[in-house]
Each structure stands twice: as C-alpha cells, then as structure tokens.
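The values are calculated or read from the model by the stated rules, or taken from the named source; none is laboratory data. None of the values given here were measured: they were computed from a predicted structure. Reconstructed Cβ throughout: ideal geometry from the backbone, glycine too, with neighbour counts over all protein chains shown. Each accessible area value is taken on the protein alone, full model and side chains, heavy atoms only, with ligands, DNA and RNA left out. Shrake-Rupley method; radii C 1.70, N 1.55, O 1.52, S 1.80 Å.
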Amino acid sequence: MYISVIVLLVWAVLTCNYADGKLRGIGLQDSGTMLVPWLQPESWKPLYADDYNDLKAMLKQRATPDKWVSLFCFSIPENRTGSSEEAAFFRLVLNTLYSYRVFGQASSDIVAAITRNALAECRKYRLPCYNATKYTLDSVSYHSIGWSKFKLTRDVLKLGFNVHLSDLDVSYLKPIHPARKEVFSWSHGAADGSMMEELWVYQDDPKNIATRRPIYVANAGVVFLRANSRTTQFVESLLKYESQAYQDQYVVTLVAYHSWAPCTEEASCLAARSSGLAAVQLHPSQFAGSNCQPEADYSHCAPRHLYVHAICRVTSVDKEGFLRYVHAMFIRDGAGGSSDGASQPPGWGGPFDFGQQDNDAVRASGLPCPPSQQQAWRDWLSASRTGAIADGG
C-alpha cells in the first residue's frame, strides 16, 4: 500500500511538471547527459576538472563523435568593482551556458577563460574550462575578447575540430546539433560554415545614393565553421585587423569576398569554394522584421528561432533586461551576499546562490517547445528538400 501511495505521488508530480506535454519549472540538477555543472551536488567532480591547461585533452574529451566543439570565450577584469554591470555580465554568461545545455541539449562546450579571474570563476562553477590567458595581452579591454575568440578558433580549426563559436549574450531555445545539420543540408553539404544574416547598408550622404556601403553582411555572434584550409584562412584574415579599432563584427564585412563569401545553396557555395573562399551559408535573421526587436507575434517555437542574441545593446544590464523582456533569461536576478569581499564583488556568492535557475522565467518562456517545433530552421530553404542531402558533419 505504501508503495502504491509513493507511485501515485510521483505520478502526480510528473503530471504537473509535464502539463500539456511541456516541461514546466525545470527542477534541474541533472537532465541526463546535459547536466548544468554548477547545479550539481558539491561532491560532483567532472572528468575535465584538471585538464584546463591542455587544449588537446579538452578537445578530445568535449568534442562530439563528428568532431564538433562549442567555444565560449569570456573575461573578468582583474580590477573588479562589484558593479551591477559586472553582475549582469556574469548572469549573461551563466544564462548562455544554462540554455545551451538545457534547451540547446548540447554538452560539447569548452569555456575559454582569457583572464586569471575568469579562470578562477570558471573553475569554481565547475565548467569545462580552458586556460586561454595566453590569447590576450590586455586583460581589461573588452576589445581583446573578440580577437581572443578568433585566435582560439583558428587554433582549434588547425587541430582538425569543427567549431561552433558563440557569444555570451545568447540564449539557446532549441537543440543545436539538429539545427546545425539542417543548415548545412541546404547546400547539400557544400557550405564551409554558417552565420546569421544581418544585412545593413548605410548611406554616408543622404542625397547621394552612390555613397551607400555595407556595414554588416552577417552577424558573427553564433558561427559554425567546418575545419579546413578555407575556414582557417577566413579566421586568420580577421586577425589582420587586430591592432585597429574596428569592431570584429565590422571586420567580418571588410573581408567578405576576400576570404569568405555568403552563399544560399549548393551552386553559390561551390562557386565560393572554387575561388578559394570559405563558403558561409547565412542562417535566418533572429527576428522577422529587425534583428534588434522581435516581431509582434514572436514565439520562441517558430521555425526561425534557434537562439535569441541580445545585439543592438551595449551594456550587460541592457542585454540582460532585453532577454528578460523576451522571456529568454533563465538565471535568477540578484544573488546572495559574498562572504569574501576581497576576492568577489559585492553581491556575488558561490554557485549555490549566484546562478540559480529562475523557474518562473522558464515557465513564462514556454520552453521546451513541443516535439513538432523543436527543430530550428527545418525546411527553411527548398534546397533541403531536393536530392541527396549531406548533413554537413
């Protein structure tokens, strides 16, 4: 009888959590293989914990069987101030990594820490850390972060691993690996990579149409690159601008049609490759009307959306506010106080109080999407419906 009562109680809990076929208020400490490291019991120690100085070992451990790895690169300045901006930034970092595992259903990540403080926090949260401090000489400059991620990407490509490179103001909404395979299928596997479409043209002289010039062709916040000589050359071409004050996003446009070319289907991708250029399939812009603001009928589960990227906003506070506005911020606002004010900014506690999931936000998001809407970009281009389709690795 007692067993029957327990079974009924368990059934009732599961029914509440999976109401209408959707997971509600995820009680995540372990979601199978996609566990969130800092939400695990204190006794849990990951296999990668002691390999943070060995890139090859980390790649071997973390990559998928088809040699895809996700790279996240972040910095925490040495002169931490304990500002609300710093706290918002770290919540954005944790939100990206949380959503990557929970809703992106992926666990092939390496978190590259480019400052000593970043490495310390990374290890404290038991993330799959790599000590990438060698990639930057200026540890307090935001400008250095962009170039560090490209340096690391270049080195990983040269080691023969395919790279999913992601900014840390991104919230993943759907499984990543099926979406990646889908986007490569549009060119029958001919594309070398993919970036988000972001077509922005500016006219210097309002009275002279001849002064129009491209500002952005694609957004480099979420990039997929297959390891080959063309993609390596593309990344190396970006690094030639490291000493200049250009935003890395703009540099991607500057090198377009010199080291890479956007393509939309097999023929244009093959044409780019035959010219020695990396063929980059553009995946859909994140919103229907503007990449900055969601459309009126926006839904996380619409086919267009794999992720939400908080672009068009400068500060971490504004980026976090935007993600909360679109119900894509899953880390609880605020944190418990720190017991060690000398080593942590005020308001930063440990992993068990700073970085907890926000169950109300998860409920409001409507995630995960119903099974029929879980694959982003499905059938987005007709090319994916014709001929023998390669999955692009």
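Of the residues screened, residue 198 is one that is open to solvent by 10 Å² or more (accessible area, probe 1.4 Å), touching a residue at least 40 places away in the same chain (Cβ under 8 Å) and part of a strand (DSSP E or B).
What pairs come out if I take residues in the range 164-192 that are at positive phi and in contact (Cβ under 8 Å) with a residue 12 or more places away in the chain and pair them with residues that are part of a loop (DSSP other than H, G, I, E, B) and surrounded by 24 or more Cβ atoms within 10 Å (Cβ to Cβ) whose C-beta lies under 6 Å away, six or more apart or interchain? Every condition considered, the pairs that remain are 189/392. Checking each residue in the range 63-101 for being open to solvent by 40 Å² or more (accessible area, probe 1.4 Å), modelled with pLDDT under 95, part of a loop (DSSP other than H, G, I, E, B) and under 22 Å from residue 135 (Cβ atoms) picks out 78, 79, 80.
For the range 233-288, a tally of residues being open to solvent by 40 Å² or more (accessible area, probe 1.4 Å), closer than 14 Å to residue 195 by Cα and at pLDDT 95 or above returns 0. Against the conditions (1) touching a helix residue (DSSP H, G or I) at 6+ places or on another chain (Cβ under 6 Å); (2) within 26 Å of residue 154 (Cβ to Cβ), residue 219 satisfies every one except (1). Screening 257, 241 for residues that are farther than 24 Å from residue 183 by Cα and hydroxyl-bearing (Ser, Thr, Tyr) leaves exactly one candidate, 241.
Would you confirm, using the coordinates I've provided, whether residue 165 is modelled with pLDDT of 95 or more, within 15 Å of the chain's Cα centre (by Cα), open to solvent by less than 30 Å² (accessible area, probe 1.4 Å) and within 19 Å of residue 329 (Cα to Cα)? For residue 165, the condition - modelled with pLDDT of 95 or more, within 15 Å of the chain's Cα centre (by Cα), open to solvent by less than 30 Å² (accessible area, probe 1.4 Å) and within 19 Å of residue 329 (Cα to Cα) - is not met. Residues in the range 52-62 that are crowded, with 20+ Cβ neighbours inside 10 Å and over 27 Å from residue 194 (Cβ atoms): 52 only.
If the condition is being open to solvent by 40 Å² or more (accessible area, probe 1.4 Å), touching a helix residue (DSSP H, G or I) at 6+ places or on another chain (Cβ under 8 Å) and assigned to a helix (DSSP H, G or I), then the range 125-137 contributes only 133. Within the range 102-116, the set of residues being open to solvent by 10 Å² or more (accessible area, probe 1.4 Å) and modelled with pLDDT of 95 or more comprises 102, 105, 107.
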